[in-house]
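The values are calculated or read from the model by the stated rules, or taken from the named source; none is laboratory data. Not measured: the values here are computed from a predicted model. Ideal geometry is used to build each Cβ from the backbone, glycine not excepted, and the neighbour counts take in all protein chains shown. Surface areas here come from the heavy atoms of the whole protein model, side chains and all, with no ligands, DNA or RNA. Shrake-Rupley method; radii C 1.70, N 1.55, O 1.52, S 1.80 Å.
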Amino acid sequence: MNIPTPEQEADQIWRTLRDIAFFEKHNYQLSLPKNELIDDLKQKSRANRLSQNDYESLKKFVKTRAYKKSDYLMGYEKIEQVVPLLNKMVTSIGQSRKNWDFKEYDVYQVNLTLYGPGGSYDPDNGSILIFTTLDGRFKQYDNPVNTLIHEIVHIGMENSIMAEYKVPHPLKERIVDTFVWLSFGELLPDYRIQNMGDKRIDDHLKERKDLEDLAEIVKAFTGQ
C-alpha cells in the first residue's frame, strides 16, 4: 500500500482535471482542493486550454499548500484492517470464471489519494487508486473493501471482456457491480449496484452460476 508523494498527488489532480468533461458527463462526484487555482484549471480544461505552465503551477501549489503525509494515515489503517477479507474474495474468484479469462496479479498495489473520483484501476500493472479523506472515510462506502474488490474485478475482466467486446463505460460499471454483488453479497451486505448502464443485462445475470459464461453473455448482449 502506498501513501503518495506530493508529486504523485499533483499528477492525480492533473489527470482528474484533464478528464473533467468525462467525469461531469457521467455525474461523478469529484474531490479537488478548494482553491482559486483549481477553479481556473477546471475552466481551462473544459475549454481544452491546459498548458505545461498550468501543470507546473499545480505541482507548486500541492507541494507548498495542499500536502501533508499525515492526512492519509487514517485511511491507510482502515484498509489494512480489510486486507484478509479482500484476499479471501480474490482467491474465490476463480470459481466464477470457468469459461473466460480473469487476469489476476500475485500482488495488487493500492495507492491512496485525497482527490478525484472514488477509485480507479490500471489493468496493465494491477494497481488500484482509492480515494480517502482526512478522517479515514471513503466514497460511497464506509468500508473500503467494497471499492477495492470492485476495482480488482475491473482489472480482471478489462481485457478479456470489456475491451474485447467494446463495452461502453456505463454498462461496464453495471457488469462489474453485478459480478461483485452475485459473488460476494453475503460478505458485503452494504454493496450496491450503481444506477448505470443498460439494465437489460440484469435479465442475463441473475445467479452466481451465470457468471461462468459471462464472456458469452456480454458478447451476445453487445452484438460483437
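Take the conditions within 21 Å of Thr133 (Cα to Cα), in contact (Cβ under 8 Å) with a residue 24 or more places away in the chain and touching a Ser or Thr at 6+ places or on another chain (Cβ under 9 Å) and apply them to Phe61. Does it pass? Steps first, please.
On the way: within 21 Å of Thr133 (Cα to Cα): yes; in contact (Cβ under 8 Å) with a residue 24 or more places away in the chain: yes; touching a Ser or Thr at 6+ places or on another chain (Cβ under 9 Å): no.
Answer is no for this residue.
Please count how many residues of the stretch 132-150 are within 10 Å of the chain's Cα centre (by Cα) and modelled with pLDDT of 95 or more.
First, pick out the residues of the stretch 132-150 that are within 10 Å of the chain's Cα centre (by Cα): 147-150.
So of that shortlist, the ones also modelled with pLDDT of 95 or more come out as 148-150.
Looking only at that region, the number is 3.
Select from the stretch 10-34 the residues that are assigned to a loop (DSSP other than H, G, I, E, B) and under 16 Å from the mean Cα position of the chain (by Cα) and write down the one among them that is surrounded by the fewest Cβ atoms within 10 Å (Cβ to Cβ). So that I can check it myself, show each step before the final result.
Of all residues in the stretch 10-34, those assigned to a loop (DSSP other than H, G, I, E, B) come to 19, 26-30, 32-34.
After this cut, where a residue has to be under 16 Å from the mean Cα position of the chain (by Cα) as well, the list is 19, 26-30.
On the way: Asp19: 16, His26: 12, Asn27: 8, Tyr28: 15, Gln29: 10, Leu30: 18.
Per the criteria, the residue is Asn27.
Pull up the stretch 169-205, narrow it to residues that are open to solvent by 50 Å² or more (accessible area, probe 1.4 Å) and free of Cβ contacts under 8 Å to residues at least 12 places away in the same chain, then point me to the one that is farthest from Asp142 (Cα to Cα).
Among them, the one singled out is Asp203.
Failed condition for Leu112, given (1) within 13 Å of the chain's Cα centre (by Cα); (2) assigned by the TED database to the domain that holds Thr16, with all others met?
(2)
In the set Leu86, Leu73, which member is at pLDDT 95 or above, within 30 Å of Glu186 (Cα to Cα), in a helix (DSSP H, G or I) and open to solvent by 70 Å² or more (accessible area, probe 1.4 Å)?
Leu73
Criterion first (assigned to a helix (DSSP H, G or I), under 14 Å from Arg97 (Cα atoms) and either open to solvent by less than 10 Å² (accessible area, probe 1.4 Å) or touching a residue at least 24 places away in the same chain (Cβ under 8 Å) (or both)) does Ile161 satisfy it? Break it down stepwise before answering.
On the way: assigned to a helix (DSSP H, G or I): yes; under 14 Å from Arg97 (Cα atoms): yes; either open to solvent by less than 10 Å² (accessible area, probe 1.4 Å) or touching a residue at least 24 places away in the same chain (Cβ under 8 Å) (or both): yes.
Considered against the rule, which asks whether it is assigned to a helix (DSSP H, G or I), under 14 Å from Arg97 (Cα atoms) and either open to solvent by less than 10 Å² (accessible area, probe 1.4 Å) or touching a residue at least 24 places away in the same chain (Cβ under 8 Å) (or both), Ile161 comes out as yes.
Here are Val167, Val107, Val153: which of them is farther than 26 Å from Lys34 by Cβ and not in a loop (DSSP other than H, G, I, E, B)? Break it down stepwise before answering.
Numbers: Val167 fails: not in a loop (DSSP other than H, G, I, E, B); Val107 fails: not in a loop (DSSP other than H, G, I, E, B).
None of the others qualify; the one that does is Val153.
Consider the stretch 170-206. How many of its residues are among the basic types (Lys, Arg) and assigned to a loop (DSSP other than H, G, I, E, B)? Don't jump to the end; show me each part of the working.
Narrowing the stretch 170-206 to residues among the basic types (Lys, Arg): 172, 174, 192, 199-200, 206.
Applying the additional criterion that residues be assigned to a loop (DSSP other than H, G, I, E, B) yields 192, 206.
Going through the stretch 170-206 one residue at a time, the tally reaches 2.
Looking at Leu112, is it farther than 24 Å from Leu211 by Cβ and either touching a residue at least 40 places away in the same chain (Cβ under 8 Å) or not in a helix (DSSP H, G or I) (or both)?
Values: farther than 24 Å from Leu211 by Cβ: yes; either touching a residue at least 40 places away in the same chain (Cβ under 8 Å) or not in a helix (DSSP H, G or I) (or both): yes.
Here the answer is yes, as Leu112 does meet what is asked.
Could you check Arg65 against (1) surrounded by 13 or more Cβ atoms within 10 Å (Cβ to Cβ); (2) at pLDDT 95 or above and say which number it fails?
(1)
When you look at Ile79, is it out of contact with any His (no Cβ under 6 Å at 6 or more places or on another chain), touching a residue at least 40 places away in the same chain (Cβ under 8 Å) and open to solvent by less than 30 Å² (accessible area, probe 1.4 Å), yes or no? Step through it out loud before you land on a result.
Numbers: out of contact with any His (no Cβ under 6 Å at 6 or more places or on another chain): yes; touching a residue at least 40 places away in the same chain (Cβ under 8 Å): yes; open to solvent by less than 30 Å² (accessible area, probe 1.4 Å): yes.
Judged against the criteria, Ile79 is a match.
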